[in-house]
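Here the structure is laid out as structure tokens; the discussion comes afterwards.
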Amino acid sequence: MWIVELALRRPYTFVVMALAIIVFGVVAIVRMPADIFPNIDIPVVAMIWSYGGISPEEMADGITTRVERNATTTINDIEHMESASLTGYSIIKIFLHPSGSADAAVAEANASASAVIRVLPPGTQPPSVTQYNAASVPIAAGVLYPFLGILISPIWASAAMSLSSLSVVGNALRLRHVQL
């Protein structure tokens, strides 16, 4: 109650404080940079191989294992790799050390793919090599909030972004075979 009594006794003090808050708020908004998210550089490169119609086991034995062996000798700064073999597709994620350059790893992965494609089964398509972009994950987490009031966990948002990337790459690989 003491703050109410103080405001009634000294109204100009509170008006000046309110104006100061407004002025400092406007100055902070004007001086704040446009990009409020930091530049996140997670060095992860994904290679997506396509070979139509073979089972995941044949994909793992025929393509994934050979590509992983070649990648470990030609791509620098690899921390670890993860791979998944699906029907007709092989997805290899290459995690680099924090000091590693993702741009250099993309170039090395393309060179590695050009070298290893000669020993892969005939008809194997060249891979799609992409760099993971973590800066889009917070945007994906909050994209439904203004419309539905749903705030998605960043983990689920990153999974959705990964799946959408896979669907885009999968559709791009399918379109290679379409005659227009």
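Read-outs: derived from the displayed coordinates by stated rules, not from any lab. Source: prediction; values computed, not measured. Cβ: placed from backbone, ideal geometry, glycine included. Neighbour counts: every protein chain shown.
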If N110 satisfies every condition in (1) within 15 Å of S128 (Cβ to Cβ); (2) in contact with a helix residue (DSSP H, G or I) (Cβ under 8 Å, 6 or more places away or on another chain) but one, which is the exception?
(2)
What tally of residues in region 75-91 results from selecting those that are surrounded by fewer than 19 Cβ atoms within 10 Å (Cβ to Cβ), under 17 Å from I63 (Cα atoms) and touching a Pro at 6+ places or on another chain (Cβ under 8 Å)?
2
Looking at A28, A7, A18, which is the one that is touching a helix residue (DSSP H, G or I) at 6+ places or on another chain (Cβ under 6 Å) and over 16 Å from V116 (Cβ atoms)?
A7
If you scan region 52-75, which residues turn out to be hydroxyl-bearing (S, T, Y) and under 16 Å from S128 (Cα atoms)?
T64
